[in-house]
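To start, the structure under review is shown below, and the notes come after it.
The values are calculated or read from the model by the stated rules, or taken from the named source; none is laboratory data. Note that the structure is a prediction, hence the values are computed from the model and not measured. Positions of Cβ are generated from backbone atoms using ideal geometry, with glycine treated the same way; all protein chains shown enter the neighbour counts. Remember, those area values only see protein heavy atoms, side chains included, never the ligands or the DNA or RNA. Shrake-Rupley method; radii C 1.70, N 1.55, O 1.52, S 1.80 Å.
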Amino acid sequence: MAGAEEDMSSSPFGPLLAELARMRKSNVNAAINDIDSIINLLTAARDQVADDADAHMISMAMTTLQNPVKARFEAITDDLKDVTKAQRGFGKALDRALPHRELPLEADAMANHPELINRAIAMHLLREGQFSVASTFLREEQERREQNYASVSPHSKASSLDEDGDADMKRDDDGDDDMQGLHSEELQDKFSEMYRILAQLKERNLVPAIEWARVNNPQLETKGSNLEFELSKLQFVWLFKGPSVNGLPDDANNGQTGALAYARQHFGRFQSRHIRDIQQLCCAMVFASNLEASPYRQIFEIDYAFEDVATSFTREFCSLLGLSAESPLYMAVTAGSIALPRLIKYTTYMKEKKTEWTTENELAFETPLPPSMIYHPIFVCPVSKEQTTEKNPPMMLPCGHVVCKESLQNIAAKGSRYKCPYCPTEGHLRDAIKITL
């Protein structure tokens, strides 16, 4: 995601990002502080009036209070002016960067799936830790759905059921259940835990992340993850650096002695999979006096190690929740902002030339997305020379060669057995495995 943000900073969206940074800087904290000052002044004046029975002193207290309170109110106005100005500037930058233009396409692919868009927005807010905003969004969306359903006349509801049976009602119920799942306190607690551990990693405290990885190690190993060992390995190196670098107490649990003790306590159960790495870490202690000239110098260069393990932790944490490491909404909006100008230009040109876009299930041109956004590589069948699609997926034969489903069926003709077009291996249609790109 960081790479995508760097790419956008050098794009036409640079001014928009600058205005966004200015708007974040111009927040309401100053106004809140001024309000707190007014409350403190009024509270102090109230206590003084309550304790003093002299009318003259009360009048003096009220007079003395007038100018400071007035000054604070003026300060609040100035603070809010700065916030309003920043918001106005961001709005104008947003309009310039993303001008409203109708996309010259006949249909909107997501027009009939508002529940998916709403779910993506809610999930993005939850992933960003904006739990109160997410709750408000989900509540208002639920109220809107209920109002829309209530506005449909009984006759219309009955007609819908007569034509489609219970299908539409079931879809509504499933949509409600799906959105209600995002209200789950358990899900919010999970993301709260993730941000708590990430905050500790930012402070270079690996212990909470290691404890989480240890508790979830069975699921992580099932997915082939080495997260716990990578965290433990970094903890060894961090302790090895000593108190002058890591800032931890100068005792037996820190420095080379602490690192060796940590290795003896925790590295034993990693030997079956990571014995070579463990040997290198332990042998590096021999070169402790001159690591820079040792063969293990790179292991102890950890300038970006904490950022890397934070990224790995986020990816694995989200993976156990069945989610991608990056927010799908962020990736879709970013990729869309890159692709849409080309798409608009292309479709406008085709319309002017009065030609039709005959390509089905794929774009007629390549979109230059950064490598971090390329998830599904394109496979071209070596037999038919055509790209695979959802209806014509790639199939791997037992011999390891891959062809598309239609080519495999054509090779098998009317029978169920086939001969690989690239080697003498023969097989049965049921032995072919569908590949998901």
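Listed here are the residues, each with its yes/no results for (1) more than 26 Å from P328 (Cβ to Cβ); (2) touching a residue at least 40 places away in the same chain (Cβ under 8 Å); (3) open to solvent by 60 Å² or more (accessible area, probe 1.4 Å); (4) part of a loop (DSSP other than H, G, I, E, B).
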site: I378; (1), (2), (3), (4): no, yes, yes, yes
site: K385; (1), (2), (3), (4): yes, no, yes, yes
site: M395; (1), (2), (3), (4): yes, yes, no, no
site: P398; (1), (2), (3), (4): yes, no, yes, yes
site: E406; (1), (2), (3), (4): yes, no, yes, no
site: Q409; (1), (2), (3), (4): yes, no, yes, no
site: Y418; (1), (2), (3), (4): yes, no, no, no
Handout entry: Restricting segment 420-437 to residues that are in contact with a helix residue (DSSP H, G or I) (Cβ under 7 Å, 6 or more places away or on another chain) and part of a loop (DSSP other than H, G, I, E, B), the residue that is least open to solvent (accessible area, probe 1.4 Å)
Key = A432
Exercise for the section: For Q256, state whether it is under 35 Å from the mean Cα position of the chain (by Cα), polar (S, T, N, Q) and either more than 17 Å from R315 (Cα to Cα) or open to solvent by 40 Å² or more (accessible area, probe 1.4 Å) (or both). Expected result: no
Practice task
Considering only residues that are under 18 Å from the mean Cα position of the chain (by Cα) and in a loop (DSSP other than H, G, I, E, B), look in segment 364-375 and name the one that is modelled with the lowest pLDDT.
Solution key: Y375
Practice task
Pick out the one residue from R264, R269 that is over 22 Å from L323 (Cα atoms), part of a helix (DSSP H, G or I) and modelled with pLDDT under 90.
Solution key: R269
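Let's see how each residue does on (1) within 30 Å of V245 (Cα to Cα); (2) at pLDDT below 85; (3) open to solvent by 80 Å² or more (accessible area, probe 1.4 Å):
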| residue | (1), (2), (3) |
| --- | --- |
| N290 | yes, yes, yes |
| Y296 | yes, yes, no |
| T314 | yes, no, no |
| F317 | yes, no, no |
Exercise for the section: Find all pairs meeting these conditions: Cβ atoms under 7 angstrom apart; at least six residues apart or on different chains; first residue within segment 18-47 and among the polar types (S, T, N, Q); second residue part of a helix (DSSP H, G or I). Expected result: S26/D82; S26/V83; S26/A86; N27/V83; S37/R72
Problem - Subset of segment 254-307 that is charged (D, E, K, R) and touching a residue at least 24 places away in the same chain (Cβ under 8 Å) - its residue that is farthest from F236 (Cα to Cα) - result: R273
Completion exercise
Going through segment 201-246 in order, the residues found to be under 18 Å from L281 (Cα atoms) and either of a type in the set (S, T, Y) or touching a Cys at 6+ places or on another chain (Cβ under 6 Å) (or both) are S232
Fill in the blank from the handout: A305: passes all of (1) modelled with pLDDT of 85 or more; (2) open to solvent by 30 Å² or more (accessible area, probe 1.4 Å); (3) aliphatic (A, V, I, L, M) but (2)
Exercise for the section: Look at A86 and say whether it is under 24 Å from A21 (Cβ atoms) and either modelled with pLDDT of 85 or more or open to solvent by 50 Å² or more (accessible area, probe 1.4 Å) (or both). Expected result: yes
Handout entry: L248 vs. criteria free of Cβ contacts under 8 Å to residues at least 60 places away in the same chain, among the aliphatic types (A, V, I, L, M), open to solvent by 50 Å² or more (accessible area, probe 1.4 Å) and not in a helix (DSSP H, G or I)
Key = yes
Problem - For F229: the one exception among (1) open to solvent by 20 Å² or more (accessible area, probe 1.4 Å); (2) more than 21 Å from the chain's Cα centre (by Cα) - result: (1)
